[in-house]
Number of protein chains: 2
Amino acid sequence: MDNKMTIQDIARIAGVSKATVSRVLNHNPSVNSLLRERVQKVVQEYGFVRSVTAIGLAGGHTRLIGVLAPPLTWPSVPEIMHGVAEFIERTDYEMVLYSIGFERNHSDVLDHILSMNMVAGLLAIFPGELSRHLTNRFQRGFPVVTIDDQTKPATLPWIGVDNVTSAYEATRHLIELGHLRIAHILGPQSYYCSVERYQGYCQALQDAGISVDPTLLLQGTFTPASGRECATMLFSRKRSDWPTAIFVANDQMAYAVLEVAEQQNIRVPEDIAIVGFDDNSFSAHIRPSLTTIRQPFSEMGQKALEVLITMIDQNHHLEKGAQKQSTQQEPIHSFENIQGASPRIRVPTRLIVRASSGAPRSLEIGL
Amino acid sequence: MDNKMTIQDIARIAGVSKATVSRVLNHNPSVNSLLRERVQKVVQEYGFVRSVTAIGLAGGHTRLIGVLAPPLTWPSVPEIMHGVAEFIERTDYEMVLYSIGFERNHSDVLDHILSMNMVAGLLAIFPGELSRHLTNRFQRGFPVVTIDDQTKPATLPWIGVDNVTSAYEATRHLIELGHLRIAHILGPQSYYCSVERYQGYCQALQDAGISVDPTLLLQGTFTPASGRECATMLFSRKRSDWPTAIFVANDQMAYAVLEVAEQQNIRVPEDIAIVGFDDNSFSAHIRPSLTTIRQPFSEMGQKALEVLITMIDQNHHLEKGAQKQSTQQEPIHSFENIQGASPRIRVPTRLIVRASSGAPRSLEIGL
DNA sequence: TTGTATGCGTTATCAT
DNA sequence: ATGATAACGCATACAA
């Protein structure tokens, strides 16, 4: 009953050789269907599962997927992970989670992870400044997929949203509400999505004939604390210098703005309208509820893993094929070489109008 | 520069044997300090990291820790994981995350995980009905630690809070506020913590000379939806049958109660006082802010991993010792055999008084 | 199609 | 204290 069986045991019981068992387990077509059944029966009966470590050592092909994630206490991250977990449950792969903090040097962590070549591929969530490093590994043939952050010369496989268009839509919403002085609290510049959201904001203003006022641009860092700072700074100006609306680059900072407004008895949306970005679970329940852009995080996680596993499998097949068909020394195993370009998948967002921009409560969506 | 080095390479460069390198890497004291330094220098210089798969195969001792967790979108879970990740970062271990959904048979998942003996130990978060199965594996010598759920005959190593006392304190708080009719929305009975919280509630009432009124007991399932149901049911009674306060078994359901109250223009805490349990991140920011019991989730995660890794290491040493010192066939490697009893660690909770039970806003804690 | 033999990178067991 | 060498469980090139 104990789990100490090896393919050797299975082979003995089924009356075949180790190799045959291995072939059956690997779905090698060149095995007699009679033998296959016999082996499978024994495997079933004893509930045999191969040692992952041995597979990894022998084949150099681990069935482990590394997930590099920011602290799970960050909003959005659990939702993404939920999608990832859901997808991976349906595959033969397992997930090794690396939740990186702030203290350590991130690229060191990355090197460490990859140097022990335990994982067959890597999903990087919000890689930020790590992108360059990841790009490097990817170009050397290691399967990598990122979620929601892209380096400038976009070369990494990527799943995300159209930040420019989404921000445009959010800003446009405020403009249609009649606002002319719309402030923007930006995300950190180390994330490219911050830049894109800023671009969308600018474009919406310009298309409406409103010029971008630099005094209405506040630099945040995506944290509630930075949101609080920006809001406090803004509200400490003389009233005539206030904007009538703020497009905040993420929900977390928007919550902080709402809090500061409440503390200073500033009415939302009457005195100032607020629009966020993300639609974290908070946003529908906070008072006033937050108008925001909904990102389908769970779907993004699923999609990312789907792409990654496809890459890994192709990778694996290519290696085998290359050795047989050519004398080339170095195995070609970059996803780019197959597809011609690394996949860049955009999932659609949606503007969710709630109370913070003036929707009557009865019309609220997403409760 | 590429990461294909082996201890063989390190050995060659350092001018020693594989064995010596291995010993250095394993902190074996019986190695000359001069050689040790030389090897360490080379390891440093090349950023060498051993192959986890090879270690696992050769040593029979994987440096992977399985974490069995409910969906990460559950509240509290990310916080626990945060603590886990923080702790594991400082060790030689990696974390394999199994986020279990609802559809699959859980014990099948568990069997699968363990049968490929990839993980050296298992941390089970909110195992619920899985406890029995886990107990079984634990008693057969596999290192297991659980967080915040215990089977009736408490035999698994366990990290959690004193639910009875905490619930007592929460209820006591309401009693001291002058409430006599205190309702309780219970958690699902499949979780033992639900039972304990109910016990604490009853005891507080009895100690205050208040008899438990069965009509004030509502059965929930920890989900917001069930909280909404219970609240709706309660508020649909004629006003004289209402309680003046509710102790809700977790924050999620309490949020729902607040929402229903708001929709029906029932004032909190004037018309009815609410106390929750958990202190999820929402609780300080919802309006009215929620009085609740704070569980130190992150610390629980850390503590759990500390215990688990201790178990694994002891386990390992025992196996080696047993082979040398006795002729016994089966290695004794149950933690219980060492400690005499499996560790049961209780971390302290704290009552956080906020607006939903009547605290003036200026006195609120935990913002 | 099937079996035999070798190697993967490390630990552990011998010698020395 | 150190070095040579045999496992560990599996995949795979090669032989049959």
Using a ≥ b ≥ c from the Cα gyration tensor of chain B (square roots of the eigenvalues), is it rounded, prolate or oblate, where a/c under 1.5 gives rounded and otherwise the larger of a/b and b/c decides, a/b for prolate?
prolate
Where trypsin sites (Lys or Arg not before Pro) fall in DSSP loop in region B:221-276, at most 11 other Cβ within 10 Å
B:R237, B:K238, B:R267
Using the 7 Å Cα-to-Cβ label point, sort the distances from B:K152 to its equivalents in the other copies shortest first and give them in nm to one decimal.
6.7
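Using R₀ = 30 Å, calculate the FRET efficiency as 1/(1 + (r/R₀)^6) where r is the Cβ-Cβ separation of B:H27 and A:S107; round to 0.05.
Values: r = 26 Å, r/R0 = 0.87.
It comes to 0.70.
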Give me the distance between the Cα centres of region A:14-92 and region A:104-144, rounded to whole Å.
23 Å
Candidates A:S357, A:S131, A:S211; GNM for chain A (alpha-carbon contacts under 10 Å) flags as most fluctuating A:S211
What does the copy distance list look like for A:H61, label position 7 Å along Cα→Cβ, in nm and ordered from shortest?
3.1
Output the DSSP H helices from chain B with an along-axis C-alpha extent of no less than 24 Å and a mean Kyte-Doolittle hydropathy no less than -1.0.
B:297-325
When a/c is below 1.5 the answer is rounded, else prolate if a/b is larger than b/c, else oblate, so apply that to the protein assembly as shown with a ≥ b ≥ c taken from the square roots of the Cα gyration tensor eigenvalues.
oblate
When each copy gets a label point 7 Å from Cα toward the beta-carbon at B:G101, what are the spacings between them in nm, shortest first?
3.4
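Could you work out, residue by residue across A:84-96, how many beta carbons of other chains sit within 10 Å of that residue's beta carbon, and then give the average as an integer?
Across A:84-96, the average partner-chain Cβ count within 10 Å equals 4.
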Most fluctuating of B:H61, B:H27, B:H82 in the GNM of chain B (C-alpha, under 10 Å) is B:H27
Using a/c under 1.5 as the rounded threshold, could you call region B:7-50 rounded, prolate or oblate? The axes a ≥ b ≥ c are square roots of the C-alpha gyration tensor eigenvalues, and prolate needs a/b larger than b/c, oblate otherwise.
rounded
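I need the Kirkwood Rh of region B:110-233: take the reciprocal of the average 1/r across all distinct C-alpha pairs and report it in angstrom. Walk me through the intermediate numbers first.
Numbers: mean 1/r = 0.0612 Å⁻¹.
Taking every pair of different Cα atoms in region B:110-233, averaging 1/r and inverting gives 16.3 Å.
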Short to long, in 10 Å steps from zero, the percent of alpha-carbon pairs of region B:129-182 per bin is 22, 35, 18, 17, 7, 0
Give the residue list of GluC sites (Glu not before Pro) in region A:122-217 that are DSSP loop and have at most 14 other beta-carbon atoms within 10 angstrom.
none
Of B:Q189, B:Q219, B:Q44, which is the most mobile in a GNM of chain B whose springs link Cα atoms less than 10 angstrom apart?
B:Q44
Output needed: percent of Cα pairs per 5 Å distance bin for region A:197-259, bins running from 0 to the one holding the longest distance.
4, 18, 27, 24, 19, 9, 1
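Rule-based calculations on the coordinates, nothing more; no lab input. Here the structure is a predicted model, which means the values were calculated and not measured. Because the Cβ atoms are built from the backbone with ideal geometry, glycine has one as well, and the counts that use them run over all protein chains shown.
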